Structure formats: C-alpha cells, structure tokens
1. Out of all the residues in segment B:55-73, is one or more touching a residue at least 60 places away in the same chain (Cβ under 8 Å) and within 14 Å of DNA strand D (Cβ to nearest atom)?
2. Answer yes if at least one residue in segment A:63-83 is exposed (fewer than 12 other Cβ atoms within 10 Å of the Cβ), more than 16 Å from DNA strand C (Cβ to nearest atom) and within 20 Å of the chain's Cα centre (by Cα), and no otherwise.
3. What are the pairs with Cβ atoms under 6 angstrom where one residue, in segment A:106-117, is without any contact (Cβ under 8 Å) to a residue 40 or more places away in the chain and the other, located anywhere, is assigned to a loop (DSSP other than H, G, I, E, B) and crowded, with 18+ Cβ neighbours inside 10 Å? Sequence gap at least six, or different chains.
4. Only one of A:Ile70, A:Ile48 is under 30 Å from B:Pro49 (Cβ atoms) and not assigned by TED's automatic domain parsing to the domain that holds A:Ala181. Can you tell me which?
5. Conditions first: (1) within 14 Å of chain A (Cβ to nearest Cβ); (2) crowded, with 21+ Cβ neighbours inside 10 Å; (3) of a type outside the set (Gly, Ala, Ser); (4) in a helix (DSSP H, G or I). B:Ile150 passes all but one, so which condition is the exception?
6. Scanning segment B:28-54 for residues that are part of a loop (DSSP other than H, G, I, E, B) and within 12 Å of DNA strand D (Cβ to nearest atom), which turns out nearest to the other protein chains (Cβ to nearest Cβ)?
7. Would you tally the residues in segment B:69-91 being more than 14 Å from every other protein chain (Cβ to nearest Cβ) and part of a loop (DSSP other than H, G, I, E, B)?
8. Taking segment B:76-96 only, how many residues are free of Cβ contacts under 8 Å to residues at least 40 places away in the same chain and closer than 14 Å to B:Leu32 by Cβ?
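The values are calculated or read from the model by the stated rules, or taken from the named source; none is laboratory data. From a predicted model like this one, the values you see are computed outputs, not experimental measurements. Every residue, glycine among them, receives a Cβ derived from its backbone with ideal geometry; neighbour counts consider all protein chains shown.
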There are 2 protein chains.
Amino acid sequence: MARRGYGQICGLSRALEIVGERWAMLIIRDLLLGPKRFTDLRQGLPRIPTNVLSARLKELEQAEVLQRRILPRPATAVVYELTDYGRELDGILMALGRWGARSMGTPEPDDIYTVDSLMMALRTSYQANEATRVPAEPVSYEVRVPGIVISLTVQDGELGISGGPQPDPDLVIEASDGFAALLTGTLTPSAAIENGSVRVTGDPELLTDFANTFRI
Amino acid sequence: MARRGYGQICGLSRALEIVGERWAMLIIRDLLLGPKRFTDLRQGLPRIPTNVLSARLKELEQAEVLQRRILPRPATAVVYELTDYGRELDGILMALGRWGARSMGTPEPDDIYTVDSLMMALRTSYQANEATRVPAEPVSYEVRVPGIVISLTVQDGELGISGGPQPDPDLVIEASDGFAALLTGTLTPSAAIENGSVRVTGDPELLTDFANTFRI
DNA sequence: CTGGATCCCTCACGATACTG
DNA sequence: CAGTATCGTGAGGGATCCAG
C-alpha cells in the first residue's frame with residue numbers, strides 16, 4: 001500500500017505507478033513487437049522470476065496496458081498483447097532507449113543480447129536516422145550475435161524486421177560484444193572488420209551502409 | 001550499485017538502470033524546473049525517506065544526470081542541478097506524464113498536489129495544446145490549491161510559470177481536488193464554478209480560456 | 001510441454017532518530 | 001540545512017513444485 005503510490009496528484013506519478021515497477025517497461029518493450037505467451041516473455045527476460053512476471057502481467061492488465069487473451073482453437077494458448085493505450089508507450093520507450101544507449105559502457109561479462117531488445121534497438125535507430133539516411137535500397141541484412149539471428153529488409157523506406165534467418169541476404173553480419181560499439185559509432189565499420197570483432201559475408205561495403213542506417 | 005541490472009545489452013535496460021529506480025524520475029521532474037537544494041527536494045517529494053533521496057542523488061550524479069554544486073558565497077549552500085544529458089529527459093517525462101494523466105482516477109484521500117508537479121503538469125499541457133490554443137493574450141492567472149500558489153502568464157505564445165503569488169492577476173483560480181477534473185475535461189468550467197469545486201476571482205469567462213489552454 | 005503458484009532468503013525501501 | 005545511522009518490512013531474486 002505505501003509501496004504503491006507516490007501520494008501525488010500528478011500524471012507522471014501515476015504513470016510510474018503503472019509502468020515504473022521493476023521489469024514492467026521491459027515487458028512492454030517485448031510486447032510492442034507483437035503478442036507473446038508467458039513462456040516467450042520469460043525467454044526474452046532471462047533474469048525475471050516467474051512470480052514477478054506473473055505479478056506484473058496482472059498489474060498491467062489491471063491498468064489496461066495489456067490484455068490477457070486466450071487464443072482460439074485449435075491452438076489453445078494464452079497470449080498477452082498490448083492495448084491501444086499500452087501501445088502508446090512505443091515512442092516513449094524508444095526515446096528512453098535512445099537516451100540510455102548513450103550511457104552504455106562496456107557490457108558486463110554476463111550481459112546478453114535478446115532478440116526483442118535487439119529488434120527494438122534496430123527499429124529505434126532506423127527511425128531516429130530517418131532524416132540522414134541514404135537510401136541504397138532495397139537491401140537485406142541478417143544479423144547474428146551469439147544465440148540470436150535477426151533478419152532486416154529495407155525497401156521503399158520501410159523497415160522489415162523479424163526474428164530468425166532469411167534466404168539469401170545481401171549481407172550477413174556476425175558479431176558479439178563489438179556490435180554495440182559499431183552501432184554507437186565507437187568502432188568504424190572498417191576497423192570492426194579488421195580487428196575481427198565483426199565478420200561479414202557479402203559485400204563489405206554494405207556494412208558501412210548498415211552502420212549509417214542503424215547508427216544510434 | 002543499483003539493485004542488480006537487467007543483464008541485457010539494451011539502451012532501454014540501461015536507461016532503466018539509471019532512472020528506473022523508485023523516486024528517480026520524480027527527482028528529475030522537480031529538477032527540470034531549476035536547481036534545488038536537498039531540503040527543497042524533500043519538500044517537493046513529501047513521502048521520500050531522506051536516505052533514499054540521498055542514495056538517488058548519488059546514483060544520478062554518478063550517471064551524470066545531475067551535478068552537485070556548491071553555491072558561491074555568500075550563500076554557501078549545496079544545490080543539485082541537471083546536466084545537459086539529464087535535461088534531455090524533459091520531453092520523455094512530459095510524454096509519460098501526459099500518458100499517465102489519462103489513467104488518473106479519483107485521488108486517494110491523502111494524495112496531494114505539490115508545487116513542482118503542478119507546474120510541470122501545466123507546462124506539459126500548455127505545450128501539448130500548442131496547436132489548438134486560442135491566443136487571447138496577454139493574460140495572467142494565479143492558481144491556488146491547498147497549500148500551493150502558482151503564477152502563470154501567457155504572452156506572445158510564451159508561458160511564464162513560477163511558484164508563489166503575483167500582483168494583480170487577471171484571474172485567481174482556487175480549487176482543491178476538482179482541479180484535476182477541470183484539466184482533464186471531466187468537469188466543465190461552468191459546472192466547476194456552479195458546484196463550488198472551483199472558485200474564481202475575476203472574469204469567470206477567463207476560466208474557459210484557462211481550461212482550453214491547459215487541458216490535458 | 002505451457003502457465004503459472006509456492007517457498008525461502010536477501011536486500012532495497014520506508015520510518016524514525018540523530019548529527020556536523 | 002544537509003544529510004548519516006539504525007532497524008523493521010515487504011518486494012524482488014531464485015529454486016522448486018504443480019495443474020492442465
């Protein structure tokens with residue numbers, strides 16, 4: 001009771017009571033990419049305890065940020081999906097992500113990439129670079145970091161993004177920790193290839209386009 | 001170190017590790033209105049324990065969101081002020097506040113207005129209504145809710161806002177809980193005056209302008 | 001297998017008192 | 001005024017267990 005609530009009549013206070021609890025915004029981030037099942041969320045948030053995930057989902061449902069929905073047959077499964085109200089957080093979360101990305105130091109040894117966070121990051125930086133983008137379209141990339149594969153296509157200024165591999169990408173980018181440095185610009189594309197922190201299959205020149213398209 | 005991070009290489013995760021802790025964003029909200037001393041912050045966040053305030057200030061300083069500065073003489077005092085990096089959260093916090101305001105139900109009995117939250121709210125809604133505003137300028141308002149007085153001036157499309165009274169305002173608006181309902185549009189200006197939840201001194205017609213200018 | 005609920009332990013938070 | 005010190009509580013972390 002005291003834990004809940006800041007005791008102020010204020011929109012920001014109210015917002016923080018809804019989405020300010022630990023893990024809440026990350027759950028929403030993952031759901032922004034589409035409806036998900038309990039186990040999918042658990043997978044995307046490796047360190048979240050199941051009881052906390054459970055509690056957050058109930059709270060966010062209560063606040064009408066998301067809905068619990070039982071999938072029609074034949075696949076009787078429970079999915080969680082954002083409401084329109086919840087989806088309005090999209091821009092805010094992207095802006096916050098962009099803000100926080102500037103403070104990312106070198107990752108802790110056991111920090112990991114997740115499919116959803118990476119998809120969100122690429123989506124965010126693509127949008128942020130809208131003005132300066134040089135369109136050498138259409139082009140398709142496949143990004144691989146340890147345990148993760150993501151497919152990207154750019155065509156007519158539209159970004160397509162999905163988990164998993166794709167057939168015949170123009171460029172395959174394979175990296176680990178160095179990937180973040182590439183996106184933030186700490187590491188130039190050519191230097192990244194030279195020192196081996198990024199490996200590519202395809203025209204190495206495309207990596208420069210990639211870095212420009214998705215620079216944070 | 002904060003309560004263990006989220007273990008993800010992600011801008012949003014990083015942002016939440018910095019400003020996602022309890023009270024952090026409210027501290028930043030108050031500092032967005034200008035540098036403040038420890039005691040001022042404490043005043044504006046009535047329920048925050050002093051040790052938590054202390055801890056947050058240290059963490060946020062560490063993250064270069066704010067600076068601790070010792071005021072030059074004669075007033076030897078410590079103030080906290082946002083860095084440029086911290087000030088970039090302005091738009092994000094306003095957007096979040098606007099989002100959360102739509103979920104504000106009826107306030108709890110011991111929820112209160114604070115000077116800073118109210119100033120922030122008015123500033124936010126002023127900006128959000130930029131497109132639809134009808135400029136009947138210049139005009140000055142004095143808003144009074146229990147324990148709080150705020151002065152507003154609108155001139156040349158610029159909003160001036162400060163704590164405390166002002167000489168000779170065009171309209172004095174005195175309200176308590178009903179004030180939020182007026183801003184959200186739940187309560188019309190005329191109904192608010194009629195049922196006594198808002199009292200005005202000056203031309204009652206100006207209350208309609210006010211409500212249009214600052215509608216959430 | 002999915003979709004959680006339950007247990008225990010720890011630590012961050014909340015309340016209060018106190019100090020330079 | 002600007003914090004530090006102390007201590008109790010409950011949310012979160014982690015593992016396990018259980019129903020459909």
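1. As a first pass, look at segment B:55-73 and keep what is touching a residue at least 60 places away in the same chain (Cβ under 8 Å): none.
Looking through segment B:55-73, none of the residues is touching a residue at least 60 places away in the same chain (Cβ under 8 Å) and within 14 Å of DNA strand D (Cβ to nearest atom).
2. Taking every residue of segment A:63-83 in turn, none turns out to be exposed (fewer than 12 other Cβ atoms within 10 Å of the Cβ), more than 16 Å from DNA strand C (Cβ to nearest atom) and within 20 Å of the chain's Cα centre (by Cα).
3. A:Asp111/B:Ile9
4. Details: A:Ile70 fails: under 30 Å from B:Pro49 (Cβ atoms).
Among A:Ile70, A:Ile48, only A:Ile48 is under 30 Å from B:Pro49 (Cβ atoms) and not assigned by TED's automatic domain parsing to the domain that holds A:Ala181.
5. Unmet for B:Ile150, out of (1) within 14 Å of chain A (Cβ to nearest Cβ); (2) crowded, with 21+ Cβ neighbours inside 10 Å; (3) of a type outside the set (Gly, Ala, Ser); (4) in a helix (DSSP H, G or I): (4).
6. First, pick out the residues of segment B:28-54 that are part of a loop (DSSP other than H, G, I, E, B): B:33-35, B:37, B:45-49.
Restricting the remaining residues to those that are within 12 Å of DNA strand D (Cβ to nearest atom) gives B:35, B:37, B:48-49.
Working: B:Pro35: 20, B:Arg37: 20, B:Ile48: 9, B:Pro49: 11 Å.
Filtering first and then ranking leaves B:Ile48.
7. First pass over segment B:69-91, keeping only residues more than 14 Å from every other protein chain (Cβ to nearest Cβ): B:69-81.
Now drop any that are not part of a loop (DSSP other than H, G, I, E, B), which leaves B:71-77.
Residues in segment B:69-91 being more than 14 Å from every other protein chain (Cβ to nearest Cβ) and part of a loop (DSSP other than H, G, I, E, B): 7 in total.
8. The first filter runs over segment B:76-96 and keeps only residues free of Cβ contacts under 8 Å to residues at least 40 places away in the same chain, leaving B:76, B:83-85, B:88, B:91-92, B:94-95.
Subset that is closer than 14 Å to B:Leu32 by Cβ: B:83-85, B:88, B:91-92, B:94-95.
Of the residues in segment B:76-96, 8 are free of Cβ contacts under 8 Å to residues at least 40 places away in the same chain and closer than 14 Å to B:Leu32 by Cβ.
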